[in-house]
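What follows is one structure encoded as structure tokens, with my remarks underneath.
What follows draws every value from the coordinates through simple rules; no lab data is involved. Being a predicted model, the structure only gives us computed values, none of them experimental. No Cβ is skipped: glycine too gets one built from the backbone with ideal geometry, and neighbour counts run over all protein chains shown.
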Amino acid sequence: MPMIIEQHWLTGITHLPSPNHDERSDPDDISLLVIHCISLPPGQFGGDYISQLFCNRLNPEDDAYFASIYQLKVSAHLLIRRDGTCVQYVPFDRRAWHAGVSHYQGRERCNDFSIGIELEGCEQTPYTEAQYQQLAAVIKTLLAAYPRLTQQHITGHSDIAPGRKTDPGATFDWNYLRGLLA
Ligand SMILES: [Zn+2]
């Protein structure tokens, strides 16, 4: 199913605007895709906690782990859930807060020039077929909409923040994704 982007939002998916974004240093420079994974509580799928975190509404009393993260101001542009459904939190022309301290091919602060996509998951568990299919569809749509994005500039959080981040992990099948994009 072809996807459409209107005003930097994907149509036909859930939109949950996050307050955690700001202006890109160069609004025309959207030239990197960063793949992440997240699950809340860690290792548990389903539920609404990821969206609550990205919208600053996570209740620290809902899980012991949340006390350490509920005050973080973080976001990603997109979440792809286990069943392949998508949630967008930040329009693509705005800077989401997903990469943190990071560098890519000599450039720092990858949030400035990247789109962050979270897969609901954890590094020990294979991602679902529905997620790969949806991720490929999203990426094809983004490549068509933002000409400075290319298939050569798709990376993992672990690659731009080595030693600090390990997602999306060894279970993420980069070759499979590249096959779907070919
Ligand atoms: Zn990450």
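Kirkwood Rh and Cα-based Rg: tell me the resulting Rg over Rh for region 5-181, rounded to two decimals. Intermediate values should be presented prior to the final figure.
Numbers: Rg = 15.0 Å, Rh = 16.2 Å.
Reported Rg/Rh (Cα atoms, Kirkwood Rh): 0.93.
Please give, to one decimal in nm, the separation of the simple spin-label points placed at Asp159 and His8, each 7 Å out from Cα toward the Cβ.
About 2.5 nm separates the two model spin labels.
Taking only Cα atoms and a 10 Å spring cutoff, compute GNM fluctuations for the chain and point out the largest among Leu32, Leu135, Leu72.
Leu72
Express in nm, to one decimal, how much length is gained between Asp173 and Val101 on full extension, taking 0.36 nm for each residue of separation and deducting their alpha carbon distance. It would help to have the intermediate numbers written out before the result.
Numbers: separation 72, 0.36 × 72 = 25.92 nm, distance 2.47 nm.
Working it through step by step, the gained length comes to 23.5 nm.
Fewest Cβ neighbours within 10 Å first, please rank His15, His21, His157 accordingly.
Placing the least packed residue first, the sequence is His15, His21, His157.
Quick check: from the Cα gyration tensor, does region 96-182 come out rounded (a/c under 1.5), prolate or oblate?
Judged from the Cα gyration tensor, region 96-182 comes out oblate (a/c at least 1.5, b/c at or above a/b).
Among Ile69, Ile38, Ile80, which one shows the biggest mean-square fluctuation in a GNM of the chain, springs joining Cα atoms closer than 10 Å?
Ile69
How far apart, in nm, are the 7 Å Cα→Cβ label points at Thr85 and Asp28?
3.9 nm
Please state, to two decimals, what the Cα-based radius of gyration of region 64-145 comes to when divided by 2.2 N^0.38 Å (N = residues).
Cα Rg divided by the expected 2.2 N^0.38 Å: 1.19.
Mind telling me which of Gln151, Gln105, Gln131 comes out most flexible in a GNM of the chain, alpha-carbon contacts under 10 Å?
Checking each option, the largest mean-square fluctuation is seen for Gln105.
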